[in-house]
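**Q** Mind looking over this structure? Questions follow.
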Amino acid sequence: MSIPTAAPKPTPPKVVSTKTPSPKVLAGKTHHPVKVPVVSDLDAAELAAAASHGVVDGESVVLVDGDVRHVVGPAEGDEPLLAYARRYFEHIGALERFHGRLETSELSIRDIDGALTSLRAVVATPDCVGDLASFRERLAPIEEQATALRDTMAAAKAEARALALGEREEIVARAEAIAAKGEDAIRWKDDTAELRQLLDTWKTAQKSGARLGKDSEKELWQRFAHARSAFERTRKHHFADLDKVNTDVASHKEALTAKAESLATSREWDATSRAFRDLMGEWKNAGRGRRSADDALWTRFRAAQDAFFEAKRIATEATAGIISANLGAKEAAVKEAEAILPIRDLPLAKSTLRGAQDRFEAAGEVPKPDAIRLARRLSAVEKAVREADGAVWEKKNPELEARVSGAAQQLVAAIADLDAQIAAATKAGDAKAVASLTESRVARQSWLDQIQASVS
């Protein structure tokens, strides 16, 4: 069917909307979209020019593209070519809008691939009537530009994915390092907080960062989840053991506190003071439990201890005056005892010491340092009396006297015999014998003098 030259103005083609893309920031630069003018109203001449590239062949509309003919669809209505001509201009509008969006860099790789697929289909399998050669010529530089942009975006995406993969690897490696720590090396508060932060970082990267390959992300997530699960098992085990320790410590300290509270009213000052000292040692060796329980028990323990020692202080101050008076009496008793030194009359010294000892004991309690000092001085006197008494006893020891008497008698006999021998040697004129016998007599006389002096 031919297009009449004087036909009335045809029905306006379907309006193709004009979309002004919003600005988008890419690679740190703001690109402002270019508004692509799209004709929303075609006149008869434009439609006629496009329709001239088609013919009606029987019941089909055919696009004539040089020597190639494409069946584009069924011939319907009174002017079947006009409907396909309008579609041609829709494709032209889509091409121009795509070009405008390329200039704004607001398209994704998927958008570019989808648009190119649609536009290439217009050339490969036309569904319109128009100047297809002109369309191909217009498409070629746009396609080249789109392909270059897509390749650049794909490279940037691959780089971002590699960077994201490295960041996720770091997250997983850090989580695995924390999970691999020995129980004693874990800092529970800090490491638990760090694992939570790592999880938040993972979620943020997953939500707003570059997308990883499905297999890579799955593998990394499984490693990350395994590390977190291992740490959680260790944490539960640690705190279960810690709860048991805390319970044991609390039970032990509860018993110590109850014992301290039972001693708080005791008035056996020395024994109870030692008991509190022992309880304090046990408390220190009991270890640390849960802080709240420890603090509460310590408050009770300390209150009992303070109550006892405050009562002891008051009692000590009340007796301080009495003890001070006792000190003078003990001092006088010790001085009385020391007055017998040096010992000249042993019976008098022993009698005086007994009296001083009685008065020392009767004087009563004095401060501990003074008691020790005075006791040492009195002990020195007692020792001197014991030594003097021992010396006298040794002199009057019957066994010793018997041994001394026997030895003296033997020496007296020996001296008498030597005197007889000296007289005989003198009479005989033997000077040498007289000298030797005289020397022996002098030695025995010396021994006899010593024995006699020891029993005098």
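**Q** Within region 354-395, can you find the residues that are part of a helix (DSSP H, G or I) and of a type in the set (Gly, Ala, Ser)?
**A** Within region 354-395, Gly355, Ala356, Ala362, Ala371, Ala375, Ser379, Ala380, Ala384, Ala388, Gly390, Ala391 qualify.
**Q** Let me ask something else. Looking at Ala83, Ala115, can you tell me which residue is under 26 Å from Ala158 (Cα atoms) and aliphatic (A, V, I, L, M)?
**A** Ala115
**Q** From the list Val129, Val71, Val122, which one is surrounded by 15 or more Cβ atoms within 10 Å (Cβ to Cβ), over 60 Å from the mean Cα position of the chain (by Cα) and outside any helix (DSSP H, G or I)?
**A** Val129
**Q** Can you tell me which residue among Glu282, Glu310 is in a helix (DSSP H, G or I), charged (D, E, K, R) and either in contact (Cβ under 8 Å) with a residue 24 or more places away in the chain or in the same structural domain as Gly364 (by TED's automatic domain parsing) (or both)?
**A** Going through Glu282, Glu310 in turn, the sole match is Glu282.
**Q** Go through (1) within 26 Å of Asp243 (Cβ to Cβ); (2) at pLDDT 85 or above; (3) surrounded by fewer than 17 Cβ atoms within 10 Å (Cβ to Cβ) for Phe301 and report which single condition fails.
**A** (3)
**Q** Let me ask something else. Kindly list the number of the only condition in (1) without any contact (Cβ under 8 Å) to a residue 12 or more places away in the chain; (2) in the same structural domain as His99 (by TED's automatic domain parsing); (3) surrounded by fewer than 13 Cβ atoms within 10 Å (Cβ to Cβ); (4) not charged (D, E, K, R) that fails for Gln197.
**A** Checking Gln197 against (1) without any contact (Cβ under 8 Å) to a residue 12 or more places away in the chain; (2) in the same structural domain as His99 (by TED's automatic domain parsing); (3) surrounded by fewer than 13 Cβ atoms within 10 Å (Cβ to Cβ); (4) not charged (D, E, K, R), the one that fails is (2).
**Q** Another question, then. Kindly indicate which of Thr257, Thr265 is exposed (fewer than 15 other Cβ atoms within 10 Å of the Cβ) and farther than 30 Å from Ala205 by Cα.
**A** Of Thr257, Thr265, the one residue that is exposed (fewer than 15 other Cβ atoms within 10 Å of the Cβ) and farther than 30 Å from Ala205 by Cα is Thr265.
**Q** Shifting gears a bit: Can you confirm whether region 316-325 contains a residue that is assigned to a helix (DSSP H, G or I), in contact with a Pro (Cβ under 9 Å, 6 or more places away or on another chain) and not hydroxyl-bearing (Ser, Thr, Tyr)?
**A** So far as region 316-325 goes, yes, one or more of its residues are assigned to a helix (DSSP H, G or I), in contact with a Pro (Cβ under 9 Å, 6 or more places away or on another chain) and not hydroxyl-bearing (Ser, Thr, Tyr).
**Q** Just to verify a result, which residue in region 210-255, among those that are at pLDDT 85 or above and of a type in the set (Val, Ile, Thr), is nearest to the chain's Cα centre (by Cα)?
**A** Looking at residues that are at pLDDT 85 or above and of a type in the set (Val, Ile, Thr), I get Thr234.
**Q** Mind checking which residues of region 168-193 are assigned to a helix (DSSP H, G or I) and crowded, with 16+ Cβ neighbours inside 10 Å?
**A** Result: Arg168, Ile171, Val172, Arg174, Ala175, Glu176, Ile178, Ala179, Asp191.
**Q** Name the residues in region 424-456 that are more than 30 Å from Ala391 (Cα to Cα) and either at pLDDT below 80 or not in a helix (DSSP H, G or I) (or both), would you?
**A** Selection gives Gly429, Asp430.
**Q** Would you check if Arg288 is outside any helix (DSSP H, G or I) and either in contact with a helix residue (DSSP H, G or I) (Cβ under 8 Å, 6 or more places away or on another chain) or among the hydrophobic types (A, V, I, L, M, F, W, C) (or both)?
**A** yes
**Q** Is it the case that region 225-246 has a residue that's free of Cβ contacts under 8 Å to residues at least 24 places away in the same chain, assigned to a helix (DSSP H, G or I) and closer than 30 Å to Ala315 by Cβ?
**A** The answer is no; no qualifying residue exists.
The values are calculated or read from the model by the stated rules, or taken from the named source; none is laboratory data. The structure presented is a predicted model; accordingly, all values stated were derived computationally and were not measured. Every residue, glycine among them, receives a Cβ derived from its backbone with ideal geometry; neighbour counts consider all protein chains shown.
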